[in-house]
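*Asks:* Here it is, the structure in full.
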Amino acid sequence: MQHSRRTFLGAALGGLVIAPALAGPAEAGTAWSRVPAIRRRIRPPRFPARTFPITRYGATADGVTPCTEAFRRAVEACAAAGGGRVLVPAGTYLTGAIHLADDVELHLEAGATIRFSRDPADYLPVVATRYEGVELMNYSPFIYAHGRTNVAITGSGVIDGQADATHWWDWSNDPPPSEGPDKRLLAQLAEDGVPVAERVFGEGHYLRPNLIQLYRCRNVLIEGVTVKDSPMWNIHPVLCRNVTIRGVTVDSPRGPNNDGCDPESCVDVLIENCTFDTGDDCVALKAGKNADGRRVNEPCLNVLVTGCVMRDGNGGVTVGSETTGGVRWVFAWDCEMSSPPPGARDPRQDQPRARRLRQGRARQGRRGRAGRRRGRRGRARLREQAHRALLPRRRRHRDHPPAGRDRAQGLHPHRQPRQPDQGREGEQQRVREHDRGRRGDRRDRVRAA
């Protein structure tokens, strides 16, 4: 794979603290020695050589006739036979929620499109799911599995969520109805310890479902498909083990919170050779939020991200938000990150974000040590991030412009510029001089004399 100057050559996270491991190569080298063992453990599931075309069960490829019942019958027949492939032939199929079963591979032929209904009623009854790190009963994700073993979504077709400014996405902001009141209600229910079965949302509420969510599953494969226009996060494995996401294209650049792939509280995950063009982070590692994250207390562990292209998105490989359960041993390498900063007109101004750590006061969890394979790209950024990580959070936010595509503006749009006091200004100057290998402190002392 050929890479431009914007290629990110490698990153690793693991352990308990961020900055100290950047001081020398020994710890980073030790971290990278874990990768082969993790890679050997991640194996995609295999399925019996039985095929169940959805057209056999009444599906019509006209993009208008609802095919929800045909998908349900095909999945049930496949599972009853001991597993196999539910085949989606070329054509466009309109459907509501699709629920997968054990040993079922949903396969889209070339030219096949699954087009999901825009009617929220087609995603009822409610199911056990997660919304931004908190468990609840809500609208079903569009493709969903819970507690299953050996499940897959494969092929070269398209999975189209059909969300737009007047369907699903309009729930993200005012004017009402919007998700704001429901988000606050859900957070309060979790803080109060209300059982998940009693946190019932769905009809009459406005918390958006994911396009693909596989929950508490083992041996998961998502390969080859194109996913687009999800209500919010596109691919969201939760509490899964042995997950392979390979050769997937996420084409959802306009939607709010349209993260590409968000493994949450998962163990042994491989994301490789994927292309992300998203309305939010491309890959975001998560592990529950606040009281619910502490209750479930499951970390996200052993994640490999390699050979991916991040064409657009807020962050390339990010940790958080929602990390209360902890995130450890995350490795990313040979990924190309080339999204431009807002307002940039000159491609040379592109500031790819190799890694971004997001942490709010109520969201923080355990994160790991960080190390990187060094290359032409990223040495200065590593030093800058190391020093920023060592600074107190409040000072870092006020005095240091964020890395990545916001840097052209100097400060994040929602932060007001502040004039640093003399002490902070001196500290910022020392960090800059140290990064450049200059002896700035001594010159400052000479000038002061």
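Each value in this text was obtained by applying a stated rule to the coordinates, not by laboratory testing. Keep in mind that what you see is a predicted model, and the values were worked out from it rather than measured. Backbone-built Cβ (ideal geometry, glycine too); neighbour counts: all protein chains shown.
*Asks:* Please compute the length gained on full extension between residue 254 and residue 62, using 0.36 nm multiplied by the number of residues separating them and subtracting their Cα-Cα distance.
*Replies:* The span from residue 254 to residue 62 would gain 66.5 nm if fully extended.
*Asks:* What order do you get for 216-229, 132-145, 172-185 when each peptide is scored by the mean count of other beta carbon atoms within 10 Å, highest first?
*Replies:* Highest to lowest by the protection proxy: 132-145, 216-229, 172-185.
*Asks:* Measuring from label point to label point, each 7 Å out along Cα→Cβ, what is the residue 69 to residue 33 span in nm?
*Replies:* 6.1 nm
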